[in-house]
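The values are calculated or read from the model by the stated rules, or taken from the named source; none is laboratory data. Bear in mind that the values here come from a model prediction, so they are computed numbers and not experimental data. Neighbour counts are summed over all protein chains in view; Cβ atoms, including those assigned to glycine, are modelled from backbone coordinates with ideal geometry. Only protein heavy atoms, including side chains, enter the accessible area calculation; ligands, DNA and RNA are left aside. Shrake-Rupley method; radii C 1.70, N 1.55, O 1.52, S 1.80 Å.
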Amino acid sequence: HRVDRRQRQMCIRDRYQRRVRGVSIIQQSSTIMSHRKFEAPRHGSLGFLPRKRSRKFRGRIRKFPRDDPTKPVGLTAFLGYKAGMTHIVREANKPDSKIHKKEVVESVTIIETPPMIVVGLVGYVETPRGLRTLTTVWANHLSDQCKRRFYKTWYASKKKAFTKYAKKYAENMKSKTIDREVNRIKKFCKVVRVIAHTQVRHLPMNLKKAHILEIQVNGGADISAKVEYGLRLFEKHVPVDAVFEQNEMIDTIAVTKGHGFEGVVTRWGVTRLPRKTHKGLRKVACIGAWHPANIQWTVPRAGQYGFYHRTEAVSYTHLT
């Protein structure tokens, strides 16, 4: 099949026109975004970067609720332990939704909250660089489960923690030591927090060291009301219903379950490649262009999965 020069040029021109028409069709369809080839949401949120292990095993309160002097004085946080999960059936209240006034099944988390014991009081002063601790006042008696937190090897220690501090509660020394520090807190401090610990011996767990937490005291007319409220709680049990009310919307702070080093399919939820892909299919097909000659921070990569510090905002609580 010999083709002369003129026919060959016509064939080339015809192929070029078909190619141009194909490009124009692709550009037109890309504006409609009718295929995943041209448009798709990214896999995984970039709002939680960096996805790395939490520095602390326990959740950390980065910001307490804003103080309102018009409300009664009270605590703002509590420590609990996850016992498990279950599900409930409730009536949904979502107007303009198909499930409005219908029963829905939702998963719930059960948190065990033994009463906490207040053992201290901390006063903070405001500085140009934030809050600074002015002084701390401790209770007269601290339980062994609280003292264990200050030791690495409790059984090998002399267990002498706070023995000298307890002598300050003697009648001839209290006015010079404890009362003086309390008056300093009332005079100079702007923020007052109590030091409370959990009672791990009430839990079905192999724990002996109590977890200690600073809880901010909000409400009250002035700082003196907050300080007196904290002092009244010394060495007393504080139940969870004294902090939160029934059906109150609260934030839950915790560290998620760790899963170690995982790939991009598990860690970011990207789509697997076709079955016959060379050198594996649980990968990201293209991790970037030739230039810039580096990997962008938005590209999913393998790494740590789980054991993240997370805050579940405005959770619905039911006290039992």
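Okay, here's what the table says:
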quantity	calculated
Which numbered condition V108 fails, given (1) open to solvent by less than 70 Å² (accessible area, probe 1.4 Å); (2) modelled with pLDDT of 95 or more; (3) β-branched (V, I, T)	(2)
Residues of region 145-176 classified as part of a loop (DSSP other than H, G, I, E, B) and of a type in the set (F, W, Y), total	4
Per-region count, region 72-104, residues touching a Gly at 6+ places or on another chain (Cβ under 7 Å) and of a type in the set (G, A, S)	1
Odd one out for G47, checked against (1) surrounded by 10 or more Cβ atoms within 10 Å (Cβ to Cβ); (2) modelled with pLDDT of 90 or more; (3) small (G, A, S)	(1)
Residue among F38, F57 that alone is at pLDDT below 95, in contact with a helix residue (DSSP H, G or I) (Cβ under 6 Å, 6 or more places away or on another chain) and either of a type outside the set (D, E) or open to solvent by less than 70 Å² (accessible area, probe 1.4 Å) (or both)	F38
Residue check, V118 over 29 Å from G263 (Cβ atoms) and either without any contact (Cβ under 8 Å) to a residue 40 or more places away in the chain or open to solvent by 50 Å² or more (accessible area, probe 1.4 Å) (or both)	no
The one condition in (1) closer than 28 Å to A254 by Cβ; (2) open to solvent by less than 40 Å² (accessible area, probe 1.4 Å); (3) not polar (S, T, N, Q) that L131 fails to fulfil	(2)
